[in-house]
1. For the range 139-153, how many residues meet the condition of being within 20 Å of Ser164 (Cβ to Cβ) and among the small types (Gly, Ala, Ser)?
2. Give me a count of the residues in the range 224-238 that are open to solvent by 100 Å² or more (accessible area, probe 1.4 Å), away from the ligand (no atom under 12 Å from the Cβ) and of a type in the set (D, E, K, R).
3. Within the set of pairs 6+ apart or on separate chains, which have a first residue in the range 162-174 that is in the same structural domain as Cys196 (by TED's automatic domain parsing) and closer than 10 Å to Val124 by Cβ, a second that is among the hydroxyl-bearing types (Ser, Thr, Tyr) and more than 8 Å from the ligand (Cβ to nearest atom), and C-beta atoms under 7 Å apart?
4. Within the range 173-200, track down each residue that is under 24 Å from Pro136 (Cβ atoms), in a helix (DSSP H, G or I) and more than 11 Å from the ligand (Cβ to nearest atom).
5. Please name all residue pairs, on different chains or six or more residues apart, with Cβ atoms under 6 Å, provided the first residue is in the range 71-91 and is within 13 Å of Leu36 (Cα to Cα) and the second residue is among the basic types (Lys, Arg) and at pLDDT 95 or above.
6. Tell me whether the range 45-65 contains one or more residues that are open to solvent by 30 Å² or more (accessible area, probe 1.4 Å), aromatic (Phe, Trp, Tyr), in the same structural domain as Pro96 (by TED's automatic domain parsing) and touching a residue at least 40 places away in the same chain (Cβ under 8 Å).
7. For the subset of the range 1-41 comprising residues that are modelled with pLDDT under 95 and aliphatic (A, V, I, L, M), which member is most open to solvent (accessible area, probe 1.4 Å)?
8. Being buried (at least 20 other Cβ atoms within 10 Å of the Cβ) and part of a loop (DSSP other than H, G, I, E, B) is the filter here; which residues of the range 201-210 pass it?
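The values are calculated or read from the model by the stated rules, or taken from the named source; none is laboratory data. Because the structure is a prediction, the values reported are computed rather than measured. Positions of Cβ are generated from backbone atoms using ideal geometry, with glycine treated the same way; all protein chains shown enter the neighbour counts. These area figures cover heavy atoms from the full protein model, side chains too; ligands, DNA and RNA do not enter into them. Shrake-Rupley method; radii C 1.70, N 1.55, O 1.52, S 1.80 Å.
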Amino acid sequence: MAAVVMDGKTLAAKIKEQVRRQVEKMERKPGMAMVLVGEDPAAQVYEAGKRRDCQQCGIYYETYRLPEDVPQEELLDVIRFLNKREGIDGILIQFPLPDHLDDRAVQMAIRPDKDVDCVHPSNVGDLTLGMDCLWPCTPAGVMRLLAEYNIDPAFKNCTMVGRSNIVGKPQAMLLLRRDCTVTVCHTKTPDLAAECRRADILISAAGHTNLITADMIKEGAVVIDVAVNRDADGRLCGDVDFEAVSQKASCITPVPGGVGPVTRAILMENTLTAAVRHGK
Ligand code: NAP
């Protein structure tokens, strides 16, 4: 039987509507600032999407566009300025940054209580320790999708393909917090297919089209495709061979329309949470 397709668009609309309703009641509206370095077309598309999301939710929004060759100190100055701005509750930096910039220094410059994508080491530490903190948007979006479809990670085996700081590692931490047993795979994993076949929940964030094929899936597994790639015809796709895998999985996310929209909605929710914590 074909898998249930997990509808990220509908869930995202629901989350954003909940945010909008709460924002509507607030005297001071939440504010978000996005910092973009360079002219990467994909980043421009993400930026436009975030602007639209903020408009839909009633969140004040600003973009800071800096040239590709911006000196590090200038970028840090913009972040320091935003840290001090009272109307700004969330600061989002579009990564990856050009090579001459130090990602770590930039992440550390963001005031932790305005770090709405959980990149500051103190927030990453809180996340790892199981403390209360804003969850990074993409892994939080995956958890929300699982919850929406009543998939409880407890007592299940999850294989996470990818160990990046923004997806794989925090995803593993969030799943551990929900009593899942997690295996994290990467390019040095000796037998990726075997690790995937053990998974009740398989999450892929490798960035390789058709990396995950049907023979790597346990019958009835939940398959979450985080990746955003382009196929040979230039169409958006994930890591998973969707057509074949959906014949074996119980639930599967599409690309586009799966994790991506929920990630964006969680950013709105995190900005609202930060604003509520900041108060008037
Ligand atoms: P990344 O930093 O490039 O990390 C990719 C990870 O996948 C690395 O840990 C890498 O292993 C692993 N990997 C790559 N090829 C593999 C293979 N053949 N077998 C096993 N592991 C492999 O990427 P990222 O920033 O985490 O993003 C991953 C994907 O998710 C991208 O397609 C990105 O566009 C997408 N993404 C989507 C969202 C969303 O909201 N939907 C958000 C963020 C990212 P090594 O560590 O050994 O190199």
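1. 2
2. The total comes to 2.
3. Close Cβ pairs satisfying both conditions: Met173/Thr128.
4. Hits for the range 173-200 are Met173, Leu174, Leu175, Leu176, Arg177.
5. Ile91/Lys114
6. Yes.
7. Per the criteria, the residue is Met1.
8. Result: Ala205, Ala206.
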